[in-house]
Structures are given as C-alpha cells and as structure tokens.
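Engineer: Pasting a structure here, questions to come.
Each reported figure results from applying straightforward, stated rules to the coordinates on display, with no laboratory input. Treat the numbers as computed from the prediction; the structure is a model and nothing was measured. Note that we place each Cβ from the backbone using ideal geometry, even for glycine, and neighbour counts take in every protein chain shown.
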Amino acid sequence: MTHDGMRIGMLGIHYPSPHRLSGVAEAEWEIGQAAALGLRALHHYRPPVDAPPEELDRLGQMARDAGVELECELPWDVFTLDPSAAAATRGKTAGVMAAAKRLGADIVRGGYGCITLDTTRYARHRPLGRHLADIAKTVGETARLAADHGLLLAVENHCDFSGAEIVRILETVDLPNAGAALDTGNSFPVFCDWRADIEAMAPWAIATHFKDMRVVPNPHAGVPFTVEGCVLGEGDIDVPWIIEQLRAHSPRGDALRLIVEIGWPPDDPDRDTGEQMREMMRASLDYLRATLS
C-alpha cells in the first residue's frame, strides 16, 4: 500500500513459510505473501541464483503483476577484509546481481556485517580510520560491480559502526549508485544514539529496515540494561519522527520504501518461532500503516 508515495514492505525471511522451501518456491511464497498483506515492496534475502533464466523472469513478472517492488540481498562476505574470502565470494556476488536484475530489482543491499568484537568499531588491534578505509575499498569495488548491472548498492549499518561512520565510508566511496540502507534498530548493539544515526544517514538512505528495540533489565549482574526486539511501535525508537526525517532528507523522499524487519525477539519456548515472527510482522505492518495514514 502506498501512502504519500512511501511504499510499505517487509523482509521476506521474517515472514517465513511454515514449511521448508526451495529457492524458487521461497521467492514465490514471499512475493505471494507480500501481495496478500497488501504490501508494495519486498526485501528478498535469498535470490535463487541457480534458477533457470526463465524461472527468474517468471518470478519477476509475478512481482510486477502483484505490484511488489523488489530489493535483493548480497552475500555478506562481499565486504569482508579477508582477501581470499572476498575473492571467493566475488563470483557469487556477481551471480546475485545478475539474478536481481532479472527479477526486476533496482537495489542490492548488504553491509560489512562482521559482528564479532574483533571486527567491529571496537576492534583494538585496528585503528578506526584504517578500518573504515579498508571497508570503503571493498564497498567501492562492490558498488562498481553493481553499477555494471545497472543496480544501486545500499550499505547497512549492521551492528558494526555508527551512522556517521557509515556515512564516512560512503563519502570515501563517492559513487552515484552507492547509498545507505538505514536500519533503525542497529544503533543499540553498537551503543550509539539512534537519533544521531538517523540524522547522519537520512541524506544517504536509499533503503531501510524499520525495526524496533526496547531497553529491558539485564538478567546478568553488573550491567543494568540490555535490549530486545519487539513489534514496531512498542520499543524505544520514535517511528513518526524517523519517517519525517527520511521524508525530508532521503534522496528518495516520499518514494522511499519502508521495509519492516523483526529483530531479535525474546525467546519463547512455548511458541512456534515462525508463527511468532509472522504475528509480529503483521502487527508491525499494521502499526506502520496507521502511522503513515
């Protein structure tokens, strides 16, 4: 559904099928469910790169017929600082881009994503400036490959760096097809002010993950608070304010896609995980519709 041009969508793997599906069947499920939920956008996480071209064309037509715009995920290893791993991933990355183009997507997205302590902004053995410069190099290589396929590259703040540091990477890359994939909940694990991250990244945001987090008591002694994922609107981010910031400052303005993600909900041994995710997704989508309307 479109409100003032903004398109509501979802991260498809967070509305999982009750049954295990092949790559093509998973894409069919996600597109079909997005349409059934009245959505206009889908972040498809596992493009079926090995599917025959005619199958990719069929899936692309299915999405167009449903009025669902697609964004596709890149392999996370594409941004690794390990040269051998990056080289091994490059062919797969190109394959995902080719499949995304065939599916009719206009954006491929991903991020540094090396979320161990030794690879975040807190890595003590690597000066921060050098760390960001090395990441910018791999982001630039990936952006140029995306441009060869006629695609935009959206780089996520993925529990690794602050919004200002992601912008520093994009300024270093300085390519017209490279922008930010703004995740509204990923400031919390990096101990960053989510408001500052939004303000820094909004002028670069060409893609989003709308995810909410709430601060809760920490069950471990010593540190009083931790965070957990929740339904959009039930946490500590100010969704209406974020939407206004993006509407005012994003290069896409009112045409920006607002993609709902369900991030790290508390474990519930009495609930089926898949149904819990689907229920939280439906509630989050209802909240976002009400907020935009």
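Engineer: With a sphere of radius 10 Å drawn around the Cβ of Glu26, what net charge do the other residues whose Cβ falls strictly inside it have (Lys, Arg +1; Asp, Glu -1)?
Structural biologist: Around Glu26, the surrounding residues sum to 0.
Engineer: Which shape class, rounded, prolate or oblate, goes with segment 30-136 when its Cα gyration tensor gives a ≥ b ≥ c as root eigenvalues, a/c under 1.5 marks rounded, and past that a/b bigger than b/c marks prolate?
Structural biologist: Prolate, since a/c reaches 1.5 and a/b exceeds b/c.
Engineer: For segment 206-285, what does the alpha-carbon gyration tensor say about shape, rounded, prolate or oblate, given a ≥ b ≥ c as the root eigenvalues, a/c under 1.5 as rounded, and a/b over b/c as prolate?
Structural biologist: oblate
Engineer: With charges set only on the Cβ (+1 for Lys and Arg, -1 for Asp and Glu), what does the dipole of the chain come to about its Cα centre, in debye to the nearest 20?
Structural biologist: Its charge dipole is roughly 580 debye.
Engineer: Would you calculate a helix-derived [θ] at 222 nm for the chain, using -39,500 (n - 2.57) for each DSSP H run of n ≥ 4 and dividing by the full residue count, to the nearest 500?
Structural biologist: About -13500 deg cm²/dmol.
Engineer: Where a ≥ b ≥ c are the square roots of the eigenvalues of the C-alpha gyration tensor, would you call the chain rounded, which needs a/c under 1.5, or, failing that, prolate if a/b is larger than b/c, or oblate?
Structural biologist: Rounded is the answer for the chain, as its axis ratio a/c remains below 1.5.
Engineer: HN-Hα J couplings of segment 259-271 from phi, Karplus 6.51/-1.76/1.60, θ = phi - 60°, integer Hz, Gly and Pro as x?
Structural biologist: Result, rounded to whole Hz: 9, 7, 10, 9, x, 6, x, x, 5, 10, x, 8, 10.
Engineer: For Ala178, list long-range residues whose amide hydrogen, built 1.01 Å from N in the peptide plane, is under 5 Å from its own amide hydrogen.
Structural biologist: Amide H to amide H, under 5 Å and 5 or more residues apart or across chains, Ala178 pairs with Leu153.
Engineer: Show me 142-148, 94-100, 68-74 ranked by packing, highest mean number of other Cβ atoms within 10 Å first.
Structural biologist: Final packing ranking: 68-74, 94-100, 142-148.
Engineer: Also: Using each residue's phi in segment 140-146, evaluate 6.51 cos²θ - 1.76 cosθ + 1.60 at θ = phi - 60° and report the 3J(HN,Hα) Karplus result to the nearest Hz, with x for Gly and Pro.
Structural biologist: Couplings: x, 4, 5, 5, 5, 5, 4 Hz.
Engineer: With the dipole of the chain worked out from charges on the C-beta (+1 for Lys and Arg, -1 for Asp and Glu) around the Cα centre, which of Pro48, Ile262, Ala221 lies farthest toward the positive end?
Structural biologist: Pro48
Engineer: Then there is this: For Glu69, which sequence-distant residues (separation of 5 or more, or a different chain) have an amide H within less than 5 Å of its own amide H, given hydrogens modelled in the peptide plane?
Structural biologist: Close amide H contacts, sequence-distant or interchain: Ala41, Leu42.
Engineer: Once phi is turned into θ = phi - 60°, what whole-Hz ³J(HN,Hα) does the Karplus curve with 6.51, -1.76 and 1.60 give for every residue of segment 220-228, x standing for Gly and Pro?
Structural biologist: 9, 5, x, 9, x, 10, 9, 10, 9
Engineer: A follow-up question, please. Taking amide H atoms as placed 1.01 Å from N in the peptide plane, list the residues 5 or more away in sequence, or in a different chain, whose amide H sits under 5 Å from that of Val216.
Structural biologist: Thr226, Val227, Glu228
Engineer: For the residue pair Ala221 and Phe191, what label-to-label distance in nm results when each label sits 7 Å from Cα along the Cα-to-beta-carbon direction?
Structural biologist: 2.1
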